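Report on the following structure.
The values are calculated or read from the model by the stated rules, or taken from the named source; none is laboratory data. What you see is a predicted model, and the numbers here were worked out from it, not measured in a lab. In this analysis, Cβ positions are derived from the backbone assuming ideal geometry, glycine residues included, and neighbour counts consider all displayed protein chains. Side chains included, ligands, DNA and RNA excluded: accessible areas come from the protein's heavy atoms. Shrake-Rupley method; radii C 1.70, N 1.55, O 1.52, S 1.80 Å.
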Amino acid sequence: MKEYSADIAIIGGGLGGVAAALGALRSGRSVVMTEEFDWLGGQMTSQAVPPDEHSWVEQFGITRSYRALRNGIRQYYRDHYPLTEKSRAWGDLNPGAGFVSRLCHEPRVGLAVMEAMLMPYRGGGKLTVLQPYKPISAEVDGDRVRAVTLRHRDSGDTIVVSGKYIIEATELGDLLPMTGTEYVTGFESQRDTGEPSAPAEAQPTNSQAVSICFAIDHVEGNQVGDKPRNYDKWRAYTPSFWGGPLIGFVAPHPRTLETTVRSFTPNPDDDPTLVDADQRKNPGDGNLWTFRRIAARRNFVDGAYASDICLVNWPMLDYFEYPIIDVPEAVYDERIRDAADLAYSVFYWLQTEAPREDGGQGFPGLRLRGDITGTNHGLAMAPYIRESRRIKAVTTIVEQDLSYDVRGERGAVHYRDSVGIGMYRIDLHPSTGGDNYIDVASCPFEIPLGALLPERTTNLIPAGKTIGTTHITNGCYRLHPVEWNIGEVAGLLAAYCLDHGVTPHQVQADDALLTDFQARLYAEGIETRWPDVRGY
């Protein structure tokens, strides 16, 4: 069995894992990083979800390296894509002109930029990346994790990866049960957290929906294929709180829960440079085509794109029938296949039954763009995971720390050990416990270092959705720039501890060490306090 060792081992190569690697590598440390799928980048790439970001992202509220990623994506388009002169000159270029984000782009471009950011360290021998490997077990010595065993997806071969620090950057917190690190799943009780939106009793199997996203375009001709497996089942599925069948343009409004009807108009002849993706003004999901559009053909010279490209991550795609956490591997695989069947069924319904504005049914010119998502099967490479296992942490972030209804103009709680900032509404999709949307206004918030520290395990640091949030606060700490911030801090923290011969828990508890570490973060371009902005 081949063994790999480095100062810092990062298990998972999503946004948090990549950011952790960059933070550790900039600090002069060696890194070995593993990833389960063929692409690094997680929710931005293999899961095919355009960045979900706050309204001030172009001015402040993200780390310097995340801004470098965003700027790199725009520059990649300017360097390599046939943009119109107007779009090329657009300072805040939004290639897809989607309303969900000021930067909607094709996933391969995000991948290319992240790979470029890592490339010097690969060449210099400081970074080893191993793909596609999934963790299957861990070796633990008391409160320390010594090594992780991983299995190759295709060959079944196993390897062992070790490091002085282990960074947990998997999508579902796979290392937590393997290492015996205490964790929580699902919905905590109000008795335990005091959260206004929590239930009276804990619901550990009640987690947010998972989605298998996909990209589509619309061209001439009939592109309709065979009816998908289980189409009739999904076409008839009608959740009690939905207002109609799950597959359809009728769905609850996330913020009001009122039944709403969304529209779908492929290839509107709009001017992409006029799109203002500001969630304060408009959630942007009224028209599903432009909501998460990742390529607006009018941004490019005539003939470069036969159609816009639309990324489908809509309410009807949410798979909340059964949980996927802490179930046997065969059950997990079966439920992910069910979620994929739902995705194929949504696409087939769009082609054949979706109501059109002209009174007809179906858009037979729709095509799956698996070439855009990097797959032969046409869907995203990886499932979009909204909620994972979460560590029992030194600090648990709860709803009343940042809810606008609770905090008002005081703003979110200031943590003495803040290591970053973020902002998004508390955005919970329907869940496996039968809950409708939970959508709560939030204040611009901080990331406490204590939320990155397991209560007991000393050298395992989470780098994403596995931090000490609750089911509720995960809803705003799970987004792209926050995951990146958490991951970057995890990498910098591990490096700092190695440099100074201290533990992460000592850094958090000791005022002098904490102040020194926060100064290091400031030098790295990580903001730990918000300027005076208001919640929405």
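On a full-extension model of 0.36 nm per residue, what is the gain between Asp405 and Arg122, subtracting their alpha-carbon distance, rounded to one decimal in nm? Write out the running numbers ahead of the final one.
Numbers: separation 283, 0.36 × 283 = 101.88 nm, distance 4.72 nm.
My answer for the length gained is 97.2 nm.
P(r) tail, the stretch 142-246: Cα-Cα pairs separated by more than 22 Å, 65% of all pairs. Placing Glu524, Glu220, Glu3, Glu36 in order of accessible area, with the largest value first and a 1.4 Å probe, yields Glu220, Glu3, Glu36, Glu524. For the stretch 270-315, averaging the sequence separation of C-alpha pairs within contact (under 8 Å, six or more residues apart) and dividing by the residue count gives a relative contact order of 35 percent. Length gained on full extension, Val502 to Arg153, computed as 0.36 nm times the residue gap minus the Cα-Cα distance: 122.0 nm. Each 10 Å bin from zero holds the following percent of Cα-Cα pairs in the stretch 213-351: 10, 34, 34, 18, 3, 0. Using just the helices of the chain, give the 222 nm mean residue ellipticity in deg cm²/dmol: DSSP H runs with n ≥ 4 each add -39,500 (n - 2.57), and the total is spread over all residues, rounded to 500. Helix contribution divided over all residues of the chain: -8000 deg cm²/dmol.
Treating the Cα atoms of the stretch 475-536 as identical point scatterers in vacuum, please give the log10 of the normalised Debye intensity I(q)/I(0) at q = 0.12, 0.15, 0.20, 0.25 Å⁻¹, two decimals. Relative scattering, expressed as log10 I(q)/I(0), comes to -0.36, -0.54, -0.86, -1.12. Distance between the pseudo-spin-label points of Thr265 and Ala509 (7 Å out from Cα toward the beta carbon): 6.1 nm.
Set the Förster distance to 22 Å, then compute FRET efficiency between His253 and Lys281 from the Cβ-Cβ distance, nearest 0.05. Taking R0 as 22 Å, the efficiency between His253 and Lys281 is 0.90. Once the C-beta distance of Tyr322 and Ala523 is scaled by a Förster radius of 60 Å, the resulting FRET efficiency is 0.80 to the nearest 0.05. Here each label is just a point 7 Å from Cα along the line to Cβ, and for Asp143 and Thr238 those points are 5.6 nm apart.
May I ask you to work out the translational diffusion coefficient for the stretch 181-230 at 4 °C, viscosity 1.567 mPa s, via Stokes-Einstein with Rh from the Kirkwood sum over Cα pairs, reported in whole µm²/s? Provide the component values of the computation, followed by the final result.
Details: Rh = 15.3 Å.
Estimated via Stokes-Einstein, D reaches 85 µm²/s.
The Cα center of the stretch 431-449 and the Cα center of the stretch 355-421 differ in position by 10 Å.
Straight-line cross-link reach from Lys86 at under 18 Å between alpha-carbon atoms covers these aspartates and glutamates, not counting any fewer than eight positions away in the same chain: Asp269, Asp270, Asp271, Asp276, Asp302, Asp308.
Taking 0.36 nm per residue of separation and subtracting the Cα-Cα distance, full extension of the segment from Arg534 to Val301 would add 79.9 nm.
For the chain, what Kirkwood radius comes out of the mean inverse Cα-Cα distance, in Å?
Details: mean 1/r = 0.0427 Å⁻¹.
For the chain, inverting the mean 1/r across all distinct Cα pairs yields 23.4 Å.
Rounded to the nearest 0.05, the FRET efficiency derived from the C-beta distance between Glu3 and His80 at R0 = 60 Å is 0.95. Taking every DSSP beta bridge that has both ends in the chain, the antiparallel portion is near 65%.
For the residue pairs Lys233/Lys465; Lys126/Lys164; Lys134/Lys164; Lys126/Lys392; Lys134/Lys465; Lys2/Lys164, alpha carbon separations beyond 23 Å are given by Lys233/Lys465; Lys126/Lys392.
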